[in-house]
């Protein structure tokens with residue numbers, strides 16, 4: 001019985017990892033919600049003892065973002081190289097959240113006709 005449970009557990013881990021790798025955020029979607037979902041999935045894998053490595057999780061995040069974030073990601077990557085630091089999920093998510101918030105504010109201002117004060 002224990003071996004059967006372990007096999008099912010391994011299958012659940014692999015399925016969750018596969019789902020993470022397939023996730024893509026559409027251009028019109030809420031990027032924050034998307035990234036929070038990936039973080040939640042990573043936490044689930046941590047709880048199962050099978051988290052993605054920081055490197056693999058970083059790659060998963062990068063691959064999942066809309067094309068409109070390409071310039072931001074290129075900038076983050078270049079800055080990390082210059083600073084000789086490693087890209088981390090936290091670093092990328094922080095910058096993406098900031099960019100998303102800025103876009104949201106700009107969109108609201110455009111729609112209401114208001115300019116920043």
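No value in this document is a laboratory result; all are computed from the given coordinates. Predicted model, so just to flag it, every value in this text is computed and none were measured. Counting neighbours? That spans all protein chains shown, and the Cβs are built from the backbone with ideal geometry, glycine included.
Things worth noting here:
- The three principal axes of the C-alpha atoms in the range 13-73 carry coordinate ranges of 34, 20, 16 Å, sorted with the longest axis first.
- Entry note, the chain: the mean residue ellipticity at 222 nm calculated from DSSP H runs of n ≥ 4, each adding -39500 (n - 2.57), is -24500 deg cm²/dmol after division by the residues and rounding to the nearest 500.
- Theoretical FRET efficiency, 1/(1+(r/R0)^6), r = Cβ-Cβ of residue 56 and residue 98, R0 22 Å, to 0.05: 0.40
- Linear extension gain, residue 68 paired with residue 46, 0.36 nm per residue minus alpha-carbon span: 4.9 nm
- Angle between the chain longest axis and helix 89-112 axis [Cα atoms, degrees, rounded to 10]: 40
- Förster radius 25 Å - calculated FRET efficiency between residue 27 and residue 84 (Cβ-Cβ, nearest 0.05): 0.15
- Axis of helix 31-47 versus longest Cα principal axis of the chain: the two differ by about 20°, to the nearest ten degrees.
- If you model the chain as an ellipsoid using its alpha carbon gyration tensor, with each semi-axis the square root of five times an eigenvalue, the axes come out at 34, 18, 10 Å, biggest first.
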